[in-house]
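**Q** The structure that follows is given in the form of structure tokens.
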């Protein structure tokens, strides 16, 4: 804890952190002060003069006056109260009367009521005109008091700089910085301005209008179910429906911030397209049936599949959107009720190379450090990730760190997000990561920037790596990657000379033919610098794409690993699970997702259970995925909507979303957090937890684990790394990272401080040579397609396209460079046909220099466009993760 300062507030002694304001001290003493321009997340402004106090005899604004040791503060005297009342009254007098109505929940209206300022005080006029152009943000300039909180929120927390104050004197109001309608501004709809506005000038339309950070009605605390950042959210409900979602001010990762998805994209909950009854295929169509009939059909089908082809004729794809407890129950069902290790989850398609690479380098499959530490780094290397769009809260926090002086190196083919703020932006050709990382490692060693003591005492593999790196001098790396040698040198020096560097990476590292080699080669950099497990850096940290992709793997929803990452081939790990479960565990690894589809097409897989994944939209070479589903005699799908995958299913089971679930998620930096149901599910929809239990019952199997809390407790028996975790503990503490083997001790946020988790206790350098990607452009397919995410949507878009986000981002674009547009006769906004060696898609052209010549980019949020028909079935040679980031394509316009 930092130095504390002791002061006296109306005779009450309090201590506050050094540098805190008198406003913080007054609140610590239990006092209340109006502070209409103040928000504890923002720098102080002192512009409204409503928080006046007397400090050692001098009247000052409490929000901008530091709390000096020994100062005596007066708050409650009548003259000070009158000064504050006058200041508030002056502000209120310029507003229209509706600003102070008795039922107005705004901060200003409540302050006025507390100071006995009547609604008649508001004598201002109407007439500036409201802006209703945005689906989530309503601007009413007549209610603006020019406090600047929204402008500072946009700049200091979000980092978008989309708002400004316009006009002069009493006519000053907030406006989008572009000068046009709000919907056409740079706003990314994080909701921070809504959250901080004290008057309702900026508000969310509809129910919850006027809710601010200072006025929070009773709410349910839960964890966001979109990306893997793990934002804590407070969900406000009325009549069984969500009326507002507010970012938790004490959220361990988001700290009172959110993004457009977590904050606003909950319209899908009440979509008329939600599935509310089980569906069973009859005569070629899906018909509503009872749960009893649906589950009975599935149970008979599973028994028939086992009878015809043995236990390995059944497989399940568990869900990165489901809770830890649901994933644990799914893998337990497959291993105990069916008798197979044929269970996998979508980490296979994104971060399985992370698990393999980080385990090989360091011993455990998660990131090495917590994000709070990463944020303290003086140089961040961001590789193959666009967190500003894909993980907006992390992107905003990293940007603020950079704006405060940290150095930034970005390695990404596109000029987007953080790359626009980088000291050095490396733009390697897609598929050349390993060569790029070897080039950086070569320079760290050549320029004496490696930590020789760390390498000698805590690492292994250096001689082999040195021999390999002789082949990767800057000029050769430039030839392979297209990155100028001088940029490579500059990046190596920034990372190599930093006091505490950190590496953050994303799917641009993993989704390659040699993704595991990429992760291990990237880990080499941290090992060479001695920047992992020490106070000299903050290691290597993957950004997880889906809300519980980390937890799904942690819980053992993998074909070769049990809960806690014990190998199914390890007799000791199997024995520990068998002692808890009471049945034998198969000792042979099961099928991975691509192998499941291949087995279905070949006739060997007789039943497939797909839980919360639209594999026909998100998996590569999707035409062949659909063919696999059609070939499989029984396909069962748990879903919210009738997805493309569900349309190929024989049984569709309606299930709950994250706002209707009970359990836990694990976020990208290994923190377990609670998930709580805020609203009831629609119709007959059930949680995946209840569905697994019901199916087990239909098959005559008792899985135990009657509640989610009991399930996490059992998981701790199977996997000692989680033994210290429980729902009760998370309810008390909020978030706990794993490893956490002891209920009486903290979880381990920073790993490897004493030794690495490898068999020899050392970090392992890897000497994997650069190998080319699975596809190369040629005369027939001259462009390289990279796929990824956009800021307004998530994954296959099934949730974000059912609400206002669709108005923010209504179509899927193909981004291409002006040179390529000219070469192929493509106009901006034209409908394009995009073809690869595997399939065809239809997209809309968007011409910009975000992509390099010869490269194009699109998302996969609109399945009807068929983007994943384009991608190949090439996969990482270690984990089978698809090579989404390198597909050779051509474009043509009608």
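**Q** Is there a residue being surrounded by fewer than 17 Cβ atoms within 10 Å (Cβ to Cβ), in a loop (DSSP other than H, G, I, E, B) and over 21 Å from the mean Cα position of the chain (by Cα) anywhere in region 790-808?
**A** no
**Q** Which helices (runs of 4 or more DSSP H) sit wholly inside region 312-397 and have at least 2 residues that are under 16 Å from the mean Cα position of the chain (by Cα)? Steps first, answer last, please.
**A** On the way: elements: 324-332, 352-362, 371-374, 387-390.
Filter on region 312-397 gives 371-374, 387-390.
**Q** Quick check, is residue 60 closer than 24 Å to residue 145 by Cα, part of a strand (DSSP E or B) and without any contact (Cβ under 8 Å) to a residue 60 or more places away in the chain?
**A** Numbers: closer than 24 Å to residue 145 by Cα: yes; part of a strand (DSSP E or B): yes; without any contact (Cβ under 8 Å) to a residue 60 or more places away in the chain: yes.
Criteria met by residue 60.
**Q** Additional query: From the list 414, 427, pick out the single residue that is more than 30 Å from residue 735 (Cα to Cα) and in contact with a strand residue (DSSP E or B) (Cβ under 7 Å, 6 or more places away or on another chain). Break it down stepwise before answering.
**A** Numbers: 427 fails: in contact with a strand residue (DSSP E or B) (Cβ under 7 Å, 6 or more places away or on another chain).
Checking each option against the conditions leaves just 414.
**Q** If I filter region 1-9 for residues that are assigned to a helix (DSSP H, G or I) and either buried (at least 19 other Cβ atoms within 10 Å of the Cβ) or within 33 Å of the chain's Cα centre (by Cα) (or both), do I get at least one hit? Write out each step before concluding.
**A** Residues of region 1-9 that are assigned to a helix (DSSP H, G or I), as a first pass: none.
Within region 1-9, not a single residue is assigned to a helix (DSSP H, G or I) and either buried (at least 19 other Cβ atoms within 10 Å of the Cβ) or within 33 Å of the chain's Cα centre (by Cα) (or both).
**Q** Now, a different point. In this structure, is residue 294 over 27 Å from the mean Cα position of the chain (by Cα), under 30 Å from residue 678 (Cβ atoms) and surrounded by 24 or more Cβ atoms within 10 Å (Cβ to Cβ)?
**A** Values: over 27 Å from the mean Cα position of the chain (by Cα): yes; under 30 Å from residue 678 (Cβ atoms): yes; surrounded by 24 or more Cβ atoms within 10 Å (Cβ to Cβ): yes.
Judged against the criteria, residue 294 is a match.
**Q** While we're looking at this one, here's another question. Could you please let me know if residue 866 is at pLDDT below 95, on the phi > 0 side of the Ramachandran plot and touching a strand residue (DSSP E or B) at 6+ places or on another chain (Cβ under 8 Å)?
**A** Working: at pLDDT below 95: yes; on the phi > 0 side of the Ramachandran plot: yes; touching a strand residue (DSSP E or B) at 6+ places or on another chain (Cβ under 8 Å): yes.
So residue 866 passes the test.
**Q** Say whether the condition of being more than 16 Å from residue 315 (Cα to Cα), touching a strand residue (DSSP E or B) at 6+ places or on another chain (Cβ under 6 Å) and touching a residue at least 24 places away in the same chain (Cβ under 8 Å) is met by at least one residue in region 621-638.
**A** no
**Q** In addition: Would you point out the residue of region 685-708, among those that are over 19 Å from residue 290 (Cβ atoms) and free of Cβ contacts under 8 Å to residues at least 60 places away in the same chain, that is nearest to the chain's Cα centre (by Cα)?
**A** Looking at residues that are over 19 Å from residue 290 (Cβ atoms) and free of Cβ contacts under 8 Å to residues at least 60 places away in the same chain, I get 707.
**Q** Next question. Of all residues being in contact (Cβ under 8 Å) with a residue 40 or more places away in the chain and surrounded by 16 or more Cβ atoms within 10 Å (Cβ to Cβ) in region 710-719, which is nearest to the chain's Cα centre (by Cα)? Just the residue, please.
**A** Residues of region 710-719 in contact (Cβ under 8 Å) with a residue 40 or more places away in the chain: 711-712, 714-715, 717-719.
Those left that are additionally surrounded by 16 or more Cβ atoms within 10 Å (Cβ to Cβ): 711-712, 714-715, 718-719.
Values: 711: 25, 712: 23, 714: 27, 715: 24, 718: 28, 719: 25 Å.
Once the filter is applied, the top-ranked residue is 712.
**Q** Do we have residue 844 as assigned to a strand (DSSP E or B) and not assigned by TED's automatic domain parsing to the domain that holds residue 516 here?
**A** Details: assigned to a strand (DSSP E or B): yes; not assigned by TED's automatic domain parsing to the domain that holds residue 516: yes.
It is true that residue 844 is assigned to a strand (DSSP E or B) and not assigned by TED's automatic domain parsing to the domain that holds residue 516.
**Q** Would region 243-257 turn up any residue that is part of a helix (DSSP H, G or I) and under 19 Å from residue 801 (Cβ atoms)? If you could, list the steps in order and put the result at the bottom.
**A** Residues of region 243-257 part of a helix (DSSP H, G or I): none.
Checking region 243-257: not a single residue is part of a helix (DSSP H, G or I) and under 19 Å from residue 801 (Cβ atoms).
**Q** Looking only at region 160-205, how many residues end up being touching a residue at least 24 places away in the same chain (Cβ under 8 Å) and in a loop (DSSP other than H, G, I, E, B)?
**A** 18
**Q** Could you say whether any residue in region 514-527 is free of Cβ contacts under 8 Å to residues at least 60 places away in the same chain, in contact with a helix residue (DSSP H, G or I) (Cβ under 8 Å, 6 or more places away or on another chain), buried (at least 23 other Cβ atoms within 10 Å of the Cβ) and in a helix (DSSP H, G or I)? Give the steps one after another, and end with the answer.
**A** Step one: list which residues in region 514-527 are free of Cβ contacts under 8 Å to residues at least 60 places away in the same chain, which gives none.
The answer is no; no qualifying residue exists.
**Q** Quick one: residue 728 ticks every box in (1) under 24 Å from the mean Cα position of the chain (by Cα); (2) at negative phi except a single one, so which number is it?
**A** Every listed condition holds for residue 728 apart from (1).
The values are calculated or read from the model by the stated rules, or taken from the named source; none is laboratory data. Everything numeric here is computed off the predicted structure, so don't read it as measured data. Note: ideal-geometry Cβ built from the backbone for every residue, glycine included; neighbour counts use all protein chains shown.
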